[in-house]
Amino acid sequence: MTECLYQFDEPVSPHIAARKKIVSKVPDSIGTELIRAKIPRDDDPLASIHKTLSAWARTDIDFALVETAGGAHSPAPNGNSQADLYRPLRLPIVLVADSRLGGISASISAYESLLLRGYDVQSVLLFRDEYYQNHEYLGNFFRKKSIPLVSLAAPPAKPSQTDANSLARDEEAMTSYYQQVSQESDIMRLVEDMNVKNTKRIERLEEMASRAQDLIWYPFTQHYGMRPKDITVIDSAHDDYFQTFGTGRTEKPDSELRPTFDGSASW
């Protein structure tokens, strides 16, 4: 049996954690051999996330969140930007903005970085800070782009002690905080709005092939007998990443949206 050790004295970036501290403890006939774990490629976490979400989609789970570590450009385990790492999945984004000094610039920069990569930023969250009032400025900024922003009261301070009584009080305070936030904010409406936007997105993609057949003349194509099913609908394209809407070539696809390789490359 292999025992994996994950020991960190303090929080570190994912790329540092991957290369510095993760080792495998492998018993053998002589003793124990320590082997440094292999840093995962981008394909590994992507495949794992896709597999998990696809399995959940076939169950009663209606809503799932993939939480990233840090900001849009925080490094992934292999050192690449997380904005680039997750791009092939093209998941809708809930941007967690920054309420601190300098947070307005950081939040807008993160939004524009995601926008350039073809992400759909569907909503923005941040804590209210009455001194800097970033939520007021950012609320107006994103409102002009038809992106709702929900500002939340700051959570209770974390206790300085780590004894059982302090931890119990902290858990009770956080439970009360979550209940209050769910009742007094628009957080649940935000989830409902995301569900509506996702439904409309799929409806647009379902109609796109028929609209394209009516409106577009395709060069070097015999249009006689062409049907909407013959047209590949591209949901998004950025750099080497293409995502197309299901073409019906597989009877039971894992997803209606799938990565696609452009084999023509001449246009």
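The values are calculated or read from the model by the stated rules, or taken from the named source; none is laboratory data. Here the structure is a predicted model, which is why all the values come from computation and not from measurement. Every residue, glycine among them, receives a Cβ derived from its backbone with ideal geometry; neighbour counts consider all protein chains shown. Areas reflect the complete protein model, heavy atoms only, side chains present, ligands, DNA and RNA absent. Shrake-Rupley method; radii C 1.70, N 1.55, O 1.52, S 1.80 Å.
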> For the pair I187 and Q133, how long in nm is the line joining their label points, each one 7 Å along Cα→Cβ?
Replying inline: 2.5
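State the extension gain, in nm to one decimal, for the chain segment bounded by S166 and K145, taking 0.36 nm per residue of separation less the distance between their alpha-carbons.
Extending this stretch completely gives an extra 3.2 nm.
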>> On a 30 Å Cα-Cα criterion, which of the cross-link pairs K158/K200; K51/K197; K51/K145; K144/K200; K51/K200 come out too long?
In response: K158/K200; K51/K145
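In region 177-223, which chymotrypsin sites (Phe, Trp or Tyr not before Pro) are in a loop and have at most 16 other Cβ atoms within 10 Å, using DSSP for the loop call?
W217, F220
Name the GluC sites (Glu not before Pro) in region 159-208 that are in a loop by DSSP and that have at most 13 other C-beta atoms within 10 Å, would you? Let's see the in-between values first.
On the way: sites: E171, E172, E184, E192, E203, E206, E207; in loops: none.
Sites meeting the loop and neighbour criteria: none at all.
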> Considering only the other residues whose Cβ falls under 12 Å of the Cβ of R201, what net charge follows from Lys and Arg at +1 and Asp and Glu at -1?
Replying inline: -2
> So which GluC sites (Glu not before Pro) in region 72-136 end up in coil per DSSP with only 13 or fewer other C-beta atoms within 10 Å?
Replying inline: E130
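Taking 45 Å as R0, compute the FRET efficiency from the Cβ-Cβ separation of H223 and V196 and round it to 0.05. Walk me through the intermediate numbers first.
On the way: r = 36 Å, r/R0 = 0.79.
Once rounded, the FRET efficiency stands at 0.80.
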> T175 accessible area, nearest 10 Å², 1.4 Å probe?
Replying inline: 70
